[in-house]
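Below is one structure, written out as structure tokens; the observations come after it.
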Amino acid sequence: MTSHRRVPQRRLRPRHYVITAGVTAVALTGGIAYAAWSSTGSGTASAKAGSAQAPTTGVTAVTVGDLYPGGKGTAKVLVNNPNPYPVKVTTIAGAGAATASGGAGTCSTTGVSFTTQTLSSSVAAGGSATLTLTDAVSMSTASDNGCQNAAFTIPVSVTVVSG
């Protein structure tokens, strides 16, 4: 004879429904929270560039030492950098006629000229530098006799690049 025993079936009780519903709610809330904290987007950024300020020379080129007809001399040029970044002086060129002061007489024909200089000298942000330029000035043989013992001032143009 076969005996049939009855196996009790497990029935979900109301307490199981509450636990199952709670786990499901937590899982769904976690998914929503993730979506609320993770996002992407696109747009544009903006920036504004400043403008470069021209370097200035505290004085024009001034001769140092003795010049004589047919000879060359040294010039000193003070370069001021008004920019908030360092610059490199790349070129200094004559920008007009030389003037004389303190000569032995009339010096209307100075015969003094400035030779364009190519260089790479740094000037700090907001700073200045005095550049000594050997053989940058010359005096022709056409200079007036009254130019003896004169000091010469020569207008110059200074070109810089950021750096």
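Read-outs throughout are calculated quantities, based only on the coordinates presented, and are distinct from any laboratory measurement. Everything quoted here is computed from the prediction, not taken from an experiment. Cβ coordinates were reconstructed from backbone atoms using ideal geometry, including for glycine residues, and neighbour counts include every protein chain displayed.
Look through segment 88-104, keep the residues that are of a type outside the set (A, V, I, L, M, F, W, C) and in a loop (DSSP other than H, G, I, E, B), and return whichever of them is surrounded by the most Cβ atoms within 10 Å (Cβ to Cβ).
Of everything passing the filter in segment 88-104, 103 is surrounded by the most Cβ atoms within 10 Å (Cβ to Cβ).
Exactly one of these conditions fails for residue 158: (1) in a strand (DSSP E or B); (2) over 30 Å from residue 51 (Cβ atoms); (3) in contact (Cβ under 8 Å) with a residue 60 or more places away in the chain. Give me its number.
Answer for residue 158: the failing condition is (2).
Checking the condition of a type in the set (S, T, N, Q) and within 12 Å of residue 55 (Cβ to Cβ), which residue from 113, 101, 138, 121 passes?
The unique qualifying residue is 121.
Looking only at segment 110-156, filter to residues that are of a type in the set (Ser, Thr, Tyr) and more than 16 Å from residue 67 (Cβ to Cβ); which one of those is farthest from the chain's Cα centre (by Cα)?
Ranking the qualifying residues of segment 110-156, first place goes to 116.
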